[in-house]
Amino acid sequence: MRPSCADETSPAEGASATDLNQKAAPWVGDRIAELPLLHYDSRALATSISSPGLAHARATIMSHRFSVIQTAPPDAILGLTEAFNADPNPDKMNLSVGVYKDENGQTPILKSVKAAEQKILDSEATKGYLSIDGLPEYRADVRNLVFGETLAADRVAVLQTPGGTGALRVAADFMRTQLPKARIWMPNPTWANHPAIFAAAGLSSETYRYLGDDRTSLDLDGMLAALNDNAKPGDAILLHGCCHNPTGIDPTAEDWKQIASVIAEKNLLPLIDFAYQGFGDGIEQDAVGLRTVLEHVDEAIVCTSFSKNFGLYSERVGAVSLVAADVEQCTAALSQLKRVVRTNYSNPPRHGGAIVATILADEQLTRLWKEELETMRLRITRLREQFVETMKSTGSGHDFSFLLRQKGMFSYSGLSPMQVDELKSKHGIYIVGSGRINVAGMSETKMNSFCEAVASVMS
Ligand SMILES: Cc1ncc(COP(=O)(O)O)c(C=O)c1O
């Protein structure tokens, strides 16, 4: 039987052709003997073996540079989704992955998006490259949605990026090269990809306190004390613009003012991740925190994602916006951001940005999109309310009313890793180990059985 890759051994450096023939595994030995061995170094010999059937022999002869590579741990959340897909339980429920779901557990394409795509299909004249910073009309839309009328347009550089993740990576690469001394302060906890992206870019990161001891509220005093005591002027601070992932705990408007004051006093650079605009209280309301910070400082970076609020997950559409003190500084920073993009993915994909721009250029489509976004937001609010009420009616004595104060798709449920395991194995309910739930993954019709299951593992 052909040995697996794991069984192979590399010939020692400088082995002769005879050595190679003798030491090669028996299943290759006879075939190698048939070859005209004109060269005695293993690389040349390997090149001379071209038959597909002998590809393995070539791999055996060459040194195995990939043999030292360690298998990376699988993505915890995507791994759970694979297990969910394979689960035959008809009542299964996936509350793990961070996408919006409707009552049928589907992630629908918005009607406004379909209509915009039809328009694009009818009118699109080229598949030529976009410029490094993307579609101009899209960039103007991002500026309006994020900043409104609050800033002079020439102080803001906007670049279209492949999703919010792309925006974060561009921002991180920019900071690493242009602000090499800046450390980035992240809330604890934060979206798991934040530390990974910053580490991949080579930024050094620190964490600040965010979650109170009750695990259901913001520890504002702890957060401000951590920043006051430990952050150095010139450091950057990561903030979730709204709908904090994974806790759903957002600062109040009053809290934002205090946060903004400390940022200004300590001369920190705010890096605001704005991935859920419209999922908390509304499009404008969700921008209050970000705009409060910008009233206190001249400089900031905002990373936008339209994956959630336009349902454009797979189209990879987002933006990085840099706010500078004046037009000259903005122009210089933009040129460096463009360099980062050019050496990463050159220029962004067109389709997602074109959809957003087409919707926002059309009054009717804009109205339809806002209605659809509102429908998603209100469904999440309704599910939060229904869950809290239904949990009460189970008589388990567990009070989940803290969920009503939290925003967006996520909340920390307080379920322990053992309870999470039991929910999966006994009830087909999939939740990540930290106990974070995606409220949008709940179902109104299955709420009773879901709450019974939660109550049973908590008893
Ligand atoms: C807080 C946060 N930031 C950024 C992103 C990335 O969004 P995108 O899918 O557009 O890359 C996500 C996605 O889940 C997120 O939760």
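Numbers below:
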quantity	calculated
Degrees, to the nearest 10: 447-458 long Cα axis against longest axis of the chain	70 degrees
Excluding exposed DSSP-loop chymotrypsin sites (Phe, Trp or Tyr not before Pro) (at most 16 other C-beta within 10 Å), longest clean stretch of the chain	130-344
Radius of gyration and Dmax over the Cα atoms of the stretch 111-361, both given in Å	17.6, 58
Alpha-carbon centroid distance for the pair the stretch 426-459 / the stretch 112-154, whole angstrom	39 Å
The stretch 111-361: antiparallel DSSP beta bridges as a percent of all, rounded to 5	45 percent
Relative contact order computed over the stretch 111-361 (Cα-Cα under 8 Å; 6+ residues apart), in percent	30 percent
Tilt relative to the chain, helix 220-230 - C-alpha long axis, 0 to 90 degrees, to 10	60 degrees
Whole-Å distance, taken between Cα centres, linking the stretch 278-338 and the stretch 212-270	18 Å
Descending semi-axes in Å of the chain, equivalent ellipsoid built from Cα gyration tensor	45, 32, 25
Cleavage-rule hits, GluC sites (Glu not before Pro), the stretch 227-324, DSSP coil, Cβ neighbours within 10 Å at most 12	E284
Entries of K370/K392; K392/K424; K92/K308; K257/K392 with Cα pairs more than 30 Å apart	K370/K392; K257/K392
Proximal lysines relative to K232, as straight alpha-carbon distance under 17 Å, when same-chain residues fewer than 8 apart are discounted	K181, K266
Loop-located trypsin sites (Lys or Arg not before Pro) in the stretch 91-176, at most 10 other Cβ atoms within 10 Å (DSSP)	K127
Spin-label pair D421/T207, simplified geometry with 7 Å Cα→Cβ offset, distance in nm	2.2 nm
DSSP beta bridges in the chain [antiparallel fraction, %, rounded to 5]	45 percent
Cα-only radius of gyration and Dmax that characterise the stretch 106-169, units Å	14.5, 41
Degrees, to the nearest 10: 76-86 long Cα axis against longest axis of the chain	80 degrees
Between the stretch 167-204 and the stretch 79-98, the alpha-carbon center distance in angstrom	31 Å
Share of Cα-Cα pairs in the stretch 293-419 lying beyond 20 Å, as whole percent	66 percent
Percentage relative contact order, the chain, counting C-alpha pairs under 8 Å, at least six apart	21 percent
Within the chain, helix-based [θ] at 222 nm, where runs of 4 or more DSSP H residues each add -39,500 (n - 2.57), nearest 500	-14000 deg cm²/dmol
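Read-outs: derived from the displayed coordinates by stated rules, not from any lab. Everything quoted here is computed from the prediction, not taken from an experiment. Please note: Cβ atoms are built from the backbone with ideal geometry, for glycine as well, and neighbour counts cover all protein chains shown.
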